[in-house]
Amino acid sequence: MAKRYNSHLNMGEALNEFIQKNNLQKGIDKVDARDAWAKLMGNGVNNYTTNVELKNTTLFVSLSSSVLRQELSMGTSKIIKMLNEELGKDLVKKIVLR
């Protein structure tokens, strides 16, 4: 059962406390990474993206176009930097394009 507090918490503090107590940060990071990829890459790349999955610090991106995969592989360090800036933390260390 959840512990009750007499003091008032704002909604952000209450959500952060709930996330920490229930160990949900890893799952939220996965969703945030997927959303950041979709936002940063735009419709052109998203049309060929079939799956985006974050495992530990590696982002696995499945693409249906081998030409696009080759083009993106040339700039993985820039993509990692952009993703981490969008996420607000150093979450992605490596990108695997498949």
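Sequentially through the range 55-69, phi angles give Karplus couplings (6.51, -1.76, 1.60; θ = phi - 60°) of 10, 6, 10, 10, 9, 9, 10, 9, 10, 8, 10, 5, 5, 5, 4 Hz, Gly and Pro residues having no value and appearing as x.
Say R0 is 35 Å: what FRET efficiency, to the nearest 0.05, do Glu13 and Asp35 get from their beta-carbon distance? Display every interim value, and only then the final one.
Working: r = 23 Å, r/R0 = 0.65.
Rounded to the nearest 0.05, the efficiency is 0.95.
Taking 0.36 nm per residue of separation and subtracting the Cα-Cα distance, full extension of the segment from Thr58 to Lys81 would add 7.0 nm.
Pull out a ≥ b ≥ c, the square roots of the eigenvalues of the alpha-carbon gyration tensor of the range 1-74, then state rounded if a/c is under 1.5, prolate if not and a/b is larger than b/c, and oblate in the remaining case. List each step's numbers first, then the result.
Numbers: a/c = 4.65, a/b = 3.06, b/c = 1.52.
Prolate is the answer for the range 1-74, as a/c is 1.5 or above and a/b outweighs b/c.
Would you work out the relative contact order for the range 24-77, in percent, from Cα pairs under 8 angstrom that are 6 or more residues apart? Normalised by residue count, the contact order of the range 24-77 is 26 percent. Would you please classify the overall shape of the range 33-98 from the alpha carbon gyration tensor, given that a ≥ b ≥ c denote the square roots of the eigenvalues, rounded means a/c under 1.5, and beyond that prolate means a/b larger than b/c while oblate covers the rest? Prolate, since a/c reaches 1.5 and a/b exceeds b/c. Cross-linked pairs Lys21/Lys94; Lys26/Lys93; Lys26/Lys78; Lys21/Lys81: Cα-Cα separations exceed 20 Å for Lys21/Lys94; Lys26/Lys78; Lys21/Lys81.
Rolling a 1.4 angstrom probe over the protein heavy atoms with all chains in place gives the range 49-98 an accessible area of 60 Å² per residue. Ranked by the mean number of other Cβ atoms within 10 Å per residue, highest first, peptides 15-22, 32-39, 60-67 order as 32-39, 60-67, 15-22.
The values are calculated or read from the model by the stated rules, or taken from the named source; none is laboratory data. Since we're looking at a predicted model, the values are computed, not measured. Cβ atoms come from the backbone with ideal geometry, glycine included; neighbour counts cover every protein chain shown. The protein model used for the area step is the full one, side chains on, heavy atoms only, and it has no ligands, DNA or RNA in it. Shrake-Rupley method; radii C 1.70, N 1.55, O 1.52, S 1.80 Å.
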